[in-house]
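Colleague: Dropping the structure in here first, questions after.
Nothing in this text is a laboratory measurement; each read-out follows from the coordinates by a stated rule. What you see is a predicted model; the values in this text were computed from it and never measured. Note: ideal-geometry Cβ built from the backbone for every residue, glycine included; neighbour counts use all protein chains shown.
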Amino acid sequence: MARHLDDGAWAESHARRHLERRGMKLVERNFSSRHGEIDLVMRENATLVFVEVRMRRDTNHGHPAETVNVHKQRRLRRTAQYYLQRHANGRCPDCRFDVVTVTGDRAAPTTEWFRNAFG
């Protein structure tokens, strides 16, 4: 497996554990559609949370959260709409989009959680 794919899978697992320690529950991992992929679908009480995970070894070229640009947000929204069409059984649950960033190496990562990162 390519190093960046291995790092990405590790960062997603790390982010999932980080969120679970804060009371969230995993619903689904790596949900994909023709619109794109959502790294983690979590539940916090009655709220369905679509989580984008970003990792960078350093911030020399910017913070990883900056890579969740307008284009990426649009793709995440479309994928979330598709997810809701397939899984919400006609309901419209409370939803939000969070971003979890992981910076540094695996031995000492810095993890940041941006709740309700975009609408």
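Colleague: Calculate, in nm to one decimal, what CYS95 and VAL27 gain on full extension: separation in residues at 0.36 nm each, minus their alpha carbon distance. Kindly include the intermediate steps, with their values, before the conclusion.
Modeller: Values: separation 68, 0.36 × 68 = 24.48 nm, distance 1.31 nm.
Extending this stretch completely gives an extra 23.2 nm.
Colleague: What's the FRET efficiency of ALA107 with ARG43 using the Cβ-Cβ distance as r and R₀ = 35 Å, to the nearest 0.05?
Modeller: Efficiency for this residue pair is about 0.70.
Colleague: Separate question: Would you calculate the separation in nanometres between label points at VAL70 and PHE118, each defined as 7 Å from the Cα along the Cα-to-beta-carbon direction?
Modeller: That separation, rounded to one decimal, is 1.0 nm.
Colleague: Nearest 5 is fine: what % of DSSP beta bridges in the chain come out antiparallel, could you say?
Modeller: About 65 percent, rounded to the nearest 5.
Colleague: Taking the beta-carbon count within 10 Å as an exposure proxy, list GLU12, GLU37, GLU52 from fewest neighbours to most.
Modeller: In order of increasing Cβ crowding within 10 Å: GLU37, GLU12, GLU52.
Colleague: Turning to a different aspect of this structure: Would you calculate a helix-derived [θ] at 222 nm for the chain, using -39,500 (n - 2.57) for each DSSP H run of n ≥ 4 and dividing by the full residue count, to the nearest 500? Mind dumping the intermediate values first?
Modeller: Working: 2 runs with 36 residues, N = 119.
Value at 222 nm, helices only, nearest 500: -10000 deg cm²/dmol.
Colleague: Within a 10 angstrom radius of the beta carbon, how do PHE31, PHE114 rank from fewest other beta carbons to most?
Modeller: Ordered by Cβ neighbours within 10 Å, fewest first: PHE114, PHE31.
Colleague: Pop out the ³J(HN,Hα) list for the stretch 98-112 in order, Karplus 6.51 cos²θ - 1.76 cosθ + 1.60 with θ = phi - 60°, rounded to Hz; leave Gly and Pro as x.
Modeller: 10, 10, 10, 10, 10, 10, x, 9, 5, 5, 8, x, 9, 10, 10
Colleague: When Lys and Arg each count +1 and Asp and Glu each count -1, what net charge do the other residues less than 9 Å away from TRP113, Cβ to Cβ, add up to?
Modeller: Summing Lys and Arg as +1 and Asp and Glu as -1 gives 0.
Colleague: Then there is this: In whole Hz, with x marking every Gly and Pro, tabulate ³J(HN,Hα) for the stretch 60-74 from phi via Karplus 6.51 cos²θ - 1.76 cosθ + 1.60, θ = phi - 60°.
Modeller: Per-residue couplings from phi come out as 4, 10, x, 6, x, 5, 5, 7, 8, 7, 4, 4, 5, 4, 4 Hz.
Colleague: Search the structure for amide H atoms under 5 Å from the amide H of PHE118, placed 1.01 Å from N in the peptide plane, and list their residues when 5 or more places away or on another chain.
Modeller: Residues meeting the amide H criterion: PHE97.
Colleague: In what sequence do ASP7, ASP98, ASP105 fall when counting other Cβ within 10 Å, fewest first? Spell out each step's value before the answer.
Modeller: Values: ASP7 17, ASP98 21, ASP105 10.
With the sparsest Cβ surroundings first, the list reads ASP105, ASP7, ASP98.
Colleague: With Cα extents along the principal axes in Å as the read-out, I listed (1) 51, 34, 25; (2) 33, 32, 26; (3) 43, 30, 28; which label goes with the value calculated from this structure?
Modeller: (3)
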